[in-house]
Structures are given as C-alpha cells and as structure tokens.
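First the structure, in the form of structure tokens, and then the observations on it.
The values are calculated or read from the model by the stated rules, or taken from the named source; none is laboratory data. Just so it is clear, the structure is predicted and the values come from calculations on it, not from any experiment. Don't worry about glycine lacking a Cβ; one is built from the backbone with ideal geometry, like all the others, and counts go over all protein chains shown.
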C-alpha cells in the first residue's frame, strides 16, 4: 500500500482513480484474517513459534489499516485532492468508512478469543485490542470532510 500511495504523486491523472481503488480494496477484508489469526492463537495444533508469527501478522494488519485510514483521509481532505478525479472521491470516502467499521470490529473478534489464548499471546493481544479501540474512535472522530460516500463532490477550485 505504501508503494501505491507514493505512486499517486507520480502517475498521470488517468491512473489515479485505479490506484485509489487499489488502495481502497487493500484496506478492507482484514476482519476475516483477524478471525483466522485469533483461531490459530487458541488452537492446540499451532506451535508457539507459529503463534508468535501470527501475533506479528496481527500487528502488521492493524498497523496497515491505520496507515490505510490515514492515506484515504489524506487523499479525501488534502488540498491536492483536486488533482484526484472527482469520481474517485466518493469511493475513497466509502473505503474510509469501511476501514473504520472493520477496524472497530477487530477488537470484538480478538476479545472473543483472548481468554483462551496462551499468556504470552493474551498480553500482546490485549494491547492490540486497546490500540484498535483507540484507533477506531480516532478514525470516527477525524472523519474526512470530503463528499459523503455515494455522492459526487463538486469540482475543486484551483
């Protein structure tokens, strides 16, 4: 996603909508992964070494959603958003809303499984749950001010 974000500044306007859509699609669908990761952490068939790897993927996924949220918000709110095709802004807004909703559900998913996790995992997951709750609230509080999802925004003045 970081590479796509950098590319946005370097590609012609015609390519920006496609890249924005790619960023949006990479930003959602993590709740299914989180559930699978949580199930692996409580499974007796997964070694401690692999559970450590799962914890690393949890952190990466959570951090990735925060990065996605920040990137989407910047694309929507930035004065440079006038360089984005107007038709991409409602999709970016919908992606931001989806990331925010999904990020909030991650805490519920992890909380559901945390009591059955080994102690080393439970401590780590508890810190992730706290972070996710804080991040999700911040995402809601700092909602982009661009056009609402599904509503094309007006052309931006130069």
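Of note:
- Members of the stretch 23-41 found to be modelled with pLDDT of 85 or more and buried (at least 18 other Cβ atoms within 10 Å of the Cβ), listed by number: 34, 37, 38, 40, 41
- Matching residues in the stretch 92-110 - criterion: being surrounded by fewer than 18 Cβ atoms within 10 Å (Cβ to Cβ) and touching a helix residue (DSSP H, G or I) at 6+ places or on another chain (Cβ under 6 Å): 104, 105
- Set side by side, the residues 133, 122 differ, and just one is at pLDDT 90 or above, under 30 Å from residue 75 (Cα atoms) and either touching a helix residue (DSSP H, G or I) at 6+ places or on another chain (Cβ under 7 Å) or not in a helix (DSSP H, G or I) (or both), which is 133.
- With respect to the stated conditions, residue 72 is in a helix (DSSP H, G or I), more than 13 Å from residue 103 (Cα to Cα), touching a helix residue (DSSP H, G or I) at 6+ places or on another chain (Cβ under 6 Å) and at pLDDT below 85.
- The stretch 18-66, subset outside any helix (DSSP H, G or I) and over 10 Å from the mean Cα position of the chain (by Cα), residue nearest to residue 143 (Cα to Cα): 43
- Boolean, residue 46 is at pLDDT 85 or above and over 24 Å from residue 11 (Cα atoms): yes
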